[in-house]
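Novice: Structure below; questions to follow.
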Amino acid sequence: MKTTFTVDNEFNFLRDHVPESVFDHDFERLPLPPNYEILLFGENQPEISIDRISDFDDFLNDNIRLYDNFDEREIKNDKANLSSDHLNKISAQLIETFGREAFGLYLPFHYYYLSGKWGIYLFKDMIEERAFFLYENQDEFFDNKEMTLNEIKYFYYNAVFRHECFHYQTEIFSARAEIFSCKPLYDTYNEHVKSQVRNTYKWLEEALAESSVLKSKHIKHRLKVKPNLLNRLYKYDLQFMPPGYRDYECKFCGGPKRGLQLLSSQILNTNEHPTSLVPNRHTIANMYNHDYREIPTYLVSFKNIKRIF
């Protein structure tokens, strides 16, 4: 059973008792990864629309008609809007450079709670373009066209959302440890651990975020598609990702279960090489039962995106 959860009490405790652990970041334009907009739009800076999603499941059900009869014109329209060699090349560059963050962001409450802008941001245009690419290239990972375009869209939205949820789980695990220890662990972990492993096969937070997608029963329960097909699709997609993201098997440390122990210990010790590992029953995996409807979620659209292709 999922628990109803908000970060209000946790943040207020940290602000009052561990003030060096929280910050007041804000933005006028969404803080996209460095050079993201330049790579995507060149010198033509787009207008960015950000809309709050009140319920992620309702959003998908209202916008993606999974099992209605398909109008072939819908697929042709998608092809006309999204499919171009130029767009595919830029998308490939974005994926190679930014990994899953080409499709969405998680802004931590340690930094953005006071501005009211923390949460998950999903990039509609990039998600739907990638879903169409995967739909068109099913022969690379399936024997036949096993999934409809809307099934892949539905899955890919869920996959990006689940990936970003893992970043939230990592942060709330850190916040609870900060409450018990009264030490600023999360920001120190970002500074002293993440900065060392970023863009390498040892980047456990990204690797485990992707592993959580592959293992998610919640995602597979929603689609009338065999779980092994979804895994084949996603593993095909992951091969295009940079180090960390594509290292979802966590081979260097003995697999995802061991990886959860190591990442949790890195946070608690604020060191890439902790002196000991926390037990399996006390890792970030304990955060998996939260009600994710409590995470503010936003849909980001890049207006007039298609005019530049």
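The values are calculated or read from the model by the stated rules, or taken from the named source; none is laboratory data. Computed from a predicted model, the values in this text were never measured in an experiment. In this analysis, Cβ positions are derived from the backbone assuming ideal geometry, glycine residues included, and neighbour counts consider all displayed protein chains.
Novice: Residues in the range 264-272: is at least one in contact (Cβ under 8 Å) with a residue 12 or more places away in the chain and within 30 Å of K124 (Cα to Cα)? Before the answer, list the steps.
Specialist: Just the residues of the range 264-272 that are in contact (Cβ under 8 Å) with a residue 12 or more places away in the chain, to begin with: 264-268, 270-272.
From what's left, within 30 Å of K124 (Cα to Cα): none.
No - not one qualifying residue is present in the range 264-272.
Novice: Against the definition (part of a helix (DSSP H, G or I) and of a type in the set (D, E)), how does E171 come out, yes or no?
Specialist: Working: part of a helix (DSSP H, G or I): yes; of a type in the set (D, E): yes.
Judged against the criteria, E171 is a match.
Novice: Continuing with this model, one more query. Give S54, S84, S21 a once-over and let me know the one that is under 30 Å from R222 (Cβ atoms) and either modelled with pLDDT under 95 or surrounded by 16 or more Cβ atoms within 10 Å (Cβ to Cβ) (or both).
Specialist: Details: S84 fails: under 30 Å from R222 (Cβ atoms); S21 fails: under 30 Å from R222 (Cβ atoms).
When all the criteria are applied, what remains is S54.
Novice: Let me ask something else about it. Going through the range 178-208 one residue at a time, which ones are part of a helix (DSSP H, G or I), more than 18 Å from the chain's Cα centre (by Cα) and basic (K, R)?
Specialist: None; the set is empty.
Novice: Still on this model: Report, ordered by the first and then the second residue, all pairs with beta carbons closer than 7 Å, sequence separation of six or more or different chains, a first member in the range 210-235 that is touching a residue at least 60 places away in the same chain (Cβ under 8 Å), and a second member that is assigned to a helix (DSSP H, G or I) and polar (S, T, N, Q).
Specialist: I219/N158; R222/N158
Novice: I've got another one for you. Among the residues that make up the range 4-18, is at least one of them under 28 Å from L185 (Cβ atoms), of a type in the set (V, I, T) and at pLDDT 95 or above?
Specialist: We begin by selecting, within the range 4-18, every residue under 28 Å from L185 (Cβ atoms); these are 4-18.
Subset that is of a type in the set (V, I, T): 4, 6-7, 18.
With at pLDDT 95 or above added as a condition, the list becomes 18.
Within the range 4-18, one or more residues are under 28 Å from L185 (Cβ atoms), of a type in the set (V, I, T) and at pLDDT 95 or above.
Novice: Given the criterion more than 18 Å from the chain's Cα centre (by Cα), part of a loop (DSSP other than H, G, I, E, B), among the hydrophobic types (A, V, I, L, M, F, W, C) and under 23 Å from R198 (Cβ atoms), identify the matching residue among L268, L277. Walk me through how you get there before you give the answer.
Specialist: Numbers: L268 fails: part of a loop (DSSP other than H, G, I, E, B).
Just one listed residue meets the conditions, L277.
Novice: Filter the range 139-176 down to residues that are more than 23 Å from the chain's Cα centre (by Cα) and either under 17 Å from I95 (Cα atoms) or modelled with pLDDT of 95 or more (or both), then give me how many there are.
Specialist: 0
Novice: A further question follows. I'd like to verify a number: residues in the range 135-154 that are assigned to a helix (DSSP H, G or I) and either polar (S, T, N, Q) or crowded, with 21+ Cβ neighbours inside 10 Å (or both), how many?
Specialist: Just the residues of the range 135-154 that are assigned to a helix (DSSP H, G or I), to begin with: 135-136, 138-140, 149-154.
With the extra rule that they be either polar (S, T, N, Q) or crowded, with 21+ Cβ neighbours inside 10 Å (or both), the set shrinks to 135, 138, 150-154.
The total comes to 7.
Novice: Now for a separate question. Scan the range 1-58 residue by residue and report those that are touching a Leu at 6+ places or on another chain (Cβ under 9 Å), closer than 19 Å to T297 by Cα and of a type in the set (K, R).
Specialist: R52
Novice: For the range 26-60, give me each residue that is touching a Lys or Arg at 6+ places or on another chain (Cβ under 8 Å) and of a type in the set (S, T, Y).
Specialist: Of everything in the range 26-60, just one residue is touching a Lys or Arg at 6+ places or on another chain (Cβ under 8 Å) and of a type in the set (S, T, Y), namely S49.
Novice: Just checking, how many residues over the range 232-265 are closer than 24 Å to Y186 by Cβ, among the hydrophobic types (A, V, I, L, M, F, W, C) and not in a loop (DSSP other than H, G, I, E, B)?
Specialist: 5
Novice: What are the residues in the range 228-245 that are closer than 14 Å to V197 by Cα and either modelled with pLDDT under 95 or under 14 Å from the mean Cα position of the chain (by Cα) (or both), if any? Steps first, please.
Specialist: Initial filter on the range 228-245 (closer than 14 Å to V197 by Cα): 242-245.
Selection gives G244, Y245.
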